[in-house]
1. Provide the FRET efficiency to the nearest 0.05 for the E68-K246 pair, computing r from the beta carbons and using R0 = 45 Å.
2. Taking 25 Å as R0, compute the FRET efficiency from the Cβ-Cβ separation of V221 and S185 and round it to 0.05.
3. Which entries in the list K104/K246; K244/K264; K104/K151; K151/K186; K63/K113; K187/K218 go over 22 Å, if you measure between the two C-alpha atoms of each?
4. With a cap of 16 neighbouring Cβ atoms within 10 Å, and only residues DSSP puts in a loop, list the trypsin sites (Lys or Arg not before Pro) found in the range 163-238.
5. Excluding same-chain residues fewer than 8 positions from K217, which aspartates and glutamates have a Cα within less than 16 Å of its Cα?
6. Check cross-link reach from K61 to the aspartates and glutamates: straight Cα distance under 17 Å, and skip same-chain residues fewer than eight apart.
7. So what is the relative contact order of the range 219-263, in percent, for Cα pairs below 8 Å that sit 6 or more residues apart?
8. Stick to the Cα atoms of the range 46-200, pair each with every other, and give me the Kirkwood hydrodynamic radius in Å at one decimal.
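All of the numbers you see were taken from the coordinates with simple rules; none came from a lab. None of these values were measured; they are calculated from a predicted model. Cβ placement follows ideal geometry from the backbone for every residue including glycine, while neighbour counts extend to all protein chains displayed.
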Amino acid sequence: MASYVSRAAPRAFNASLRAAVRPQAVLQRAQRPAQPLFRRFIQVPAEQPRLRLGSVAPNFKAKTTGGELDFHQWIGNSWAVLFSHPADFTPVCTTELGAFAKLKNEFDARGVKMIGLSANDLGSHDQWVADINEVCSTNVQFPIIADADRKVAFLYDMVTEDDMKNIESKGLPFTIRSVFVIDPSKKIRLMMIYPASTGRNTSEVLRVIDSLQLGDKKGVVTPIDWQAGEDVIVPPSVSTADAKKKFGEVRELKPYLRYTNVGK
Ligand code: BEZ
């Protein structure tokens, strides 16, 4: 587990986020002198685990809208998608959560559990989920981690460099839009990091899961813009002779570029 040292302030972040999305609030804030007393203590890790594809996803315990959980236990023998959001009641995040919620059947079909994270507390999450369900005509069924103290955000490095540098003046760093796909052995298989200003693409998350799961099952790799069912590539480690034995028809464009089709 990472060790933590106390450093900056929690609620100031919410104020700065509200300011980011409400110009009027920016004006009001700019007119006020800095308020160091506004700061509270949060835990910023002195060191963070190195996150790499193939490394074990750091475990944590957290309160979520679905109850308290141990992340690894919660994953169990499934795949998991952990996706983070800057804050509750923000417009882009609302559209993202609504979109993920609508795709529950698609994730279920792939044996993937979804879990969101937002840097607010449970009371706020519950109210926000009601908003998401109303606005997006959906039913958010997966848990959302209440990460008001940014512990999981720090553990997974879901923060920007600028925010970490300015933590003393800003109070709290932004939690950005990260996506982690984790396999049943708890290894990180995909990391996507998007800026707060850009909503993610749910189809791309599903597309990569399809590629990873097909690759694990059949020992193939997938080309640019591949979609499930299309031709796949024989990896360089497999000879063409072996590929023909294994897959049947193999189209060799170059000795190093060989296509085959293994279905979905
Ligand atoms: C949003 O989710 O809409 C958002 C969050 C942080 C900054 C800007 C937009």
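1. It comes out at approximately 0.45.
2. On the way: r = 20 Å, r/R0 = 0.78.
It comes out at approximately 0.80.
3. From K104/K246; K244/K264; K104/K151; K151/K186; K63/K113; K187/K218, over 22 Å: K104/K246; K104/K151.
4. Sparse-neighbourhood loop trypsin sites (Lys or Arg not before Pro): K186.
5. Straight-line reach from K217, under 16 Å: D183, E230, D231.
6. Qualifying aspartates and glutamates at Cα under 17 Å: D70, D121, D147, D149, D157.
7. 39 percent
8. 15.7 Å is the Kirkwood radius here.
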